[in-house]
1. Before we move on, is GLU226 among the charged types (D, E, K, R) and open to solvent by 40 Å² or more (accessible area, probe 1.4 Å)?
2. What residue, among those in region 201-218 that are in contact with a helix residue (DSSP H, G or I) (Cβ under 6 Å, 6 or more places away or on another chain) and surrounded by 24 or more Cβ atoms within 10 Å (Cβ to Cβ), is farthest from GLU243 (Cα to Cα)?
3. Can you give me the number of residues within region 81-97 that are under 30 Å from ARG18 (Cα atoms) and in contact (Cβ under 8 Å) with a residue 60 or more places away in the chain?
4. Surrounded by 17 or more Cβ atoms within 10 Å (Cβ to Cβ) and of a type outside the set (A, V, I, L, M, F, W, C): which single residue out of GLU267, GLU284 fits that description?
5. Give the residues of region 70-116 that are among the aliphatic types (A, V, I, L, M) and over 25 Å from GLY136 (Cβ atoms), sorted by residue number.
6. Restricting the search to region 108-132, which residues are open to solvent by 40 Å² or more (accessible area, probe 1.4 Å) and either in contact (Cβ under 8 Å) with a residue 40 or more places away in the chain or under 27 Å from ALA182 (Cα atoms) (or both)?
7. Tell me whether region 34-49 contains one or more residues that are under 30 Å from LEU242 (Cα atoms) and either over 23 Å from the mean Cα position of the chain (by Cα) or loosely packed, with under 14 Cβ neighbours inside 10 Å (or both).
8. Let me spell it out: the conditions are (1) open to solvent by less than 10 Å² (accessible area, probe 1.4 Å); (2) free of Cβ contacts under 8 Å to residues at least 40 places away in the same chain; (3) in a loop (DSSP other than H, G, I, E, B), and VAL306 meets all of them except one. Which number is the exception?
Amino acid sequence: MPKVLLSGRVTGENDPSRESRAGLLYLLFSSGWDISNSNGDKAVTLSTIQDQIIDSDAFVFTQGSTLEELFKAVSIFVGYQTLDEKLEAKGTVILNGDKSWDPFFDVLDHLNSLGTIKQEFRDYIISVNEPEEVIGALNKINSDSLPEPIHHPIDENIDDIYSYEAPPVDGQIGNVCVFCSASIKDKNYIDEGYELGRKMADEGLGCVSGAGRTGIMGSVVNGAVEANGWTGGSNVPHIIKLEGLPEGLSSFWLRPDIYTRMEIMIERSDAFVIFPGGAGTVQEFLALLLLLEMGDPVMKGKPIVVYDRIDKSGKNFWKPLINLLKEKGYADYFTVVNELGIVIPTVSRLMDLKL
């Protein structure tokens, strides 16, 4: 019997989603689905989400998008983008009758308009309004299959890739993790990434990244390497095939999945910069907030700075996501800056305040 992972939880007898969830459970069971998390009590963490994905044949999200649900939904979409074989032929449906998921969709639409998301996410994440429509959507995905992702491998030879470690360089006072896009090709963004990497090295800050060779990610590493800074990064085999590895990394941590990849990057960092990026950057940002919300000690004293870049048309890169997170009550978890020149000074100031 196929198993669907049903996200969301009922907080009590007065929860407005209680009735629709009960109806959805009945429809799924009667249509031949086994249900994981039917009671709504299975919490998501970085260490459990991969197991939940592997163990499921499809994913259904209920009304009322929480931080946990947003993280899980964007994680599944990132898996589709990066050709994660554990998501092959597994469909995702979001029950959005209350429109609580609209701000999340607005974020993905915004990033698509800026070029950091190439795929039409609605081809992979199906939104419906009524519980009765969920079964039809799952059946349609099963019969039509998911569309082919846009990404294609650029480096098939990963058999000789392994982890390695180098000590900090002289004068290194800490590490800053930069979450950013590996796909954007706009030269202005690339140049700013390079400048950020150089500035970090000049200030004695090691650069932790997702160890991609392309886009802003590769540019940040290049800037730090050419300024003789320490650089560390983590990646997984199926993404290395898509992005390659940058040259000059001081340390590299090979990991089996994107969740253990995020874990090592977070553990090895003292602060975080959210630079312009795509769905993967949203996923990483939400992971940090989720850990903060849970009170995980790995995030203790580690500031998050969001570079909400303003382009020539006056458009703020992260505005829809910042608005979404502020509305959900997470504004105190991060600091927003609009100018590249104050990113590292802000990080340094906040690191001093937190230590």
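The values are calculated or read from the model by the stated rules, or taken from the named source; none is laboratory data. Small disclaimer: the values here were computed from a predicted structure and weren't measured. Positions of Cβ are generated from backbone atoms using ideal geometry, with glycine treated the same way; all protein chains shown enter the neighbour counts. Each accessible area value is taken on the protein alone, full model and side chains, heavy atoms only, with ligands, DNA and RNA left out. Shrake-Rupley method; radii C 1.70, N 1.55, O 1.52, S 1.80 Å.
1. It is true that GLU226 is among the charged types (D, E, K, R) and open to solvent by 40 Å² or more (accessible area, probe 1.4 Å).
2. For region 201-218, the residue satisfying everything is CYS207.
3. 2
4. GLU284
5. VAL78, LEU83, VAL107, LEU111, LEU114
6. Hits for region 108-132 are ASP109, ASN112, SER113, LYS118, GLU120, ARG122, ASP123, ILE126, GLU132.
7. yes
8. With respect to (1) open to solvent by less than 10 Å² (accessible area, probe 1.4 Å); (2) free of Cβ contacts under 8 Å to residues at least 40 places away in the same chain; (3) in a loop (DSSP other than H, G, I, E, B), VAL306 is out only on (3).
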